[in-house]
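Derivation of every value follows stated rules applied to the coordinates shown; laboratory data play no part. Please read these numbers as outputs of a predicted model, since none were measured by experiment.
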Amino acid sequence: MNVLVTGAAGFVGFHLTRRLLEAGHTVTGIDNLNSYYTVSLKNARLVELGVDVNKIDYGQPINSTVYQQFEFIKLNLEDRERLPRIFECGQFDVVVNLAAQAGMRHSIEEPFSYIDSNIVGFTNILECCRHNQVKHLVYASSSSVYGSNTKVPFAETDRTDNPVNLYAATKRANELMASCYSALYNIPSTGLRFFTVYGPWGRADMAPMLFAKAIANGEPISVFNGGDVFRDFTYIDDIVDSLMLVIVKQPEPQPDGRRHQVYNVGCSSPVRLSDFIALLEDALGRKAEKQMLPMQPGDLYQTFADSSAFERDFGYRPQTPIAEGIKKFAEWFKWYNSQPTV
């Protein structure tokens, strides 16, 4: 199978790309390598995939020295000139769109970056799928689309018209756009609402990495709402398992003919932030210095996935226990911080 993975140097994109390559698929990965969080981490992921990061040149393919069937291209999704060329040359069977401007708090400070990447960029992906007979578009949505809903667990049938930040609004817009293109142009597409993904090679801007780095350096960590917030932490291997199942199964036609479906992918076991920190302290063997702060604008008090629809349709449910996942993350974190910077 010939697969395009956008956001291939990102957290989920890196893990999925490696899994696809190990399964024998051909993969083209694109990423703009922006500086929203540490570029050295993105480069280190690419090195693991066999990419010589010193040879990366915008818009130019570079072949992996580890995986013969992998090439990487640095590219913005907003690039309406080069992106269609990649599709025309690639003739992809499946497109997995994981590229996006992430971060809920950051969307308050830099709104246009979210519109450029998550709206304009996603439109370009849809148009390229439309004109190149892509058999299945799989894309990342987010649990943030549930906004200020208080009814838990969150189910796909719940309201999603009350987002509390621009990031969430762009992710909900992606779902509506994909549904529209499926109806108009018969593009099979599946969106996955991820719930707080964590694990080795995780994003530098998310709590596990921020906390681990601060604890290791003896620096204070910011604990919002006194640690009284709940997250449905979902281990990265469970996310990739789910993606691998979705990629090979197009959605069934709905009564109106469109082939579009959205699923929750979460562990369905919310963990209090203060308990998460305690587990991380144990795994790292050091206590954290905590700076207690109020709830931040645009934050959610709780995320909690109802993953029964995914389990029904794919026979799979994320289930890595939080203690096991944190232990694996902490082991990787210690290893990674002992390596030279890329």
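Data overview
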quantity: Range of Cα positions in the range 55-128 per principal axis (Å), largest first; calculated: 41, 26, 20
quantity: Over the chain, relative contact order from alpha-carbon pairs under 8 Å, at least 6 apart, %; calculated: 17 percent
quantity: Fraction of antiparallel bridges per DSSP, the chain only, in percent to nearest 5; calculated: 10 percent
quantity: Where only C-alpha atoms are counted, convex hull volume of the chain per residue in Å³; calculated: 125 Å³
quantity: Over the range 167-235: Rg over Rh, Cα atoms, Kirkwood Rh; calculated: 1.16
quantity: Three principal axis lengths of the range 181-326 [C-alpha, angstrom, descending]; calculated: 56, 31, 23
quantity: Highest-fluctuation residue, Asn217, Asn43, Asn225 considered, GNM on the chain with Cα pairs under 10 Å; calculated: Asn217
quantity: Distance violations [Cα-Cα > 23 Å] among Lys74/Lys328; Lys151/Lys287; Lys55/Lys213; Lys213/Lys327; calculated: Lys74/Lys328; Lys151/Lys287; Lys55/Lys213
